[in-house]
Every structure is written in C-alpha cells, then in structure tokens.
Amino acid sequence: MEENMILFAACGAVMLVGGLEAVYQIYRIVLIDAKARGLKHPKFWGLFAISGNNSGGLIMYLIGRRKYPILNMTMSEKREIEKRKKAAGAGLVFLAAGTIGLVLGVML
C-alpha cells in the first residue's frame, strides 16, 4: 500500500512538472510570436493563449494572428522558438508519462 502512495506521488510530480513546462514554453513562444507580429500587449496574448480549457485561448490566438504578418523576427528568435518547441514537446512527454504511471498505479 505504501509503495502505491510513493508511485502516486512520483507520477503526480512528473505529471505536474511536465504540464507546467509545456504551458510555460507555449507562453514564451506566443510572446515571441506576438512581438514579431507587432501585436499590442504580447504578454496578454501569451496569457490568453494558455488560458481556458481545451486550449481555446491558443486556438483563438492562432486564428486571430493570421491578420498580422511577421514584421521582424531575428534568426536568434527563430532558433529560440525552435528550442522552446522541443522543450514543450519534452514537457508533454513527461505529462503523458506521469499520467500513464497514475493510471497504471490505479489498476495495480
């Protein structure tokens, strides 16, 4: 019984860290993209993109940004976005691994 509690705590921690990492990286990607497109209040757009259930804020941002072409994005910003995409993917892997661990822990 005690082993299950340790498994739950460990998987929950992995899931939480993965989820927070993915959300933070998405926020930073949107922030860089909004600045490059010249949108007003890029921090607001970053927060808006990570808010809501079912990623509704991110979908609204992606739809709304089509009206604004990229005005100025340096190569370093492009590299940073690519790096953050990989980090967000790693966060999603941790989120999935933690979730799978919790589900398997319940089934045991």
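FYI, it's all coordinate maths here, none of it is from the lab. This structure is a prediction, so every number in the text was calculated from the model and none was measured. Positions of Cβ are backbone-derived with ideal geometry, glycine not excepted, and every protein chain shown enters the neighbour counts.
A few notes on this one:
- Placing unit charges on the Cβ atoms only, positive for Lys and Arg and negative for Asp and Glu, gives region 54-99 a dipole magnitude near 140 debye about its Cα centre.
- Computed [θ] at 222 nm, helices only, for the chain once each DSSP H run of length n ≥ 4 contributes -39500 (n - 2.57): -27500 deg cm²/dmol
- Compactness ratio for region 3-51: Cα radius of gyration over 2.2 N^0.38 Å (N = residue count) comes to 1.63.
- Lys pairs, the chain - Cα-Cα below 17 angstrom, 8 or more residues apart or on other chains: 5
- Packing-based ranking of 28-39, 53-64 yields 28-39, 53-64, ordered from highest to lowest mean Cβ neighbour count within 10 Å.
- Dipole magnitude for the chain: computed about the Cα centre from +1 point charges on Lys and Arg Cβ and -1 point charges on Asp and Glu Cβ, it is near 920 debye.
- Two-decimal Rg/Rh across the chain, once Rg and the Kirkwood Rh are taken from alpha-carbon atoms: 1.13
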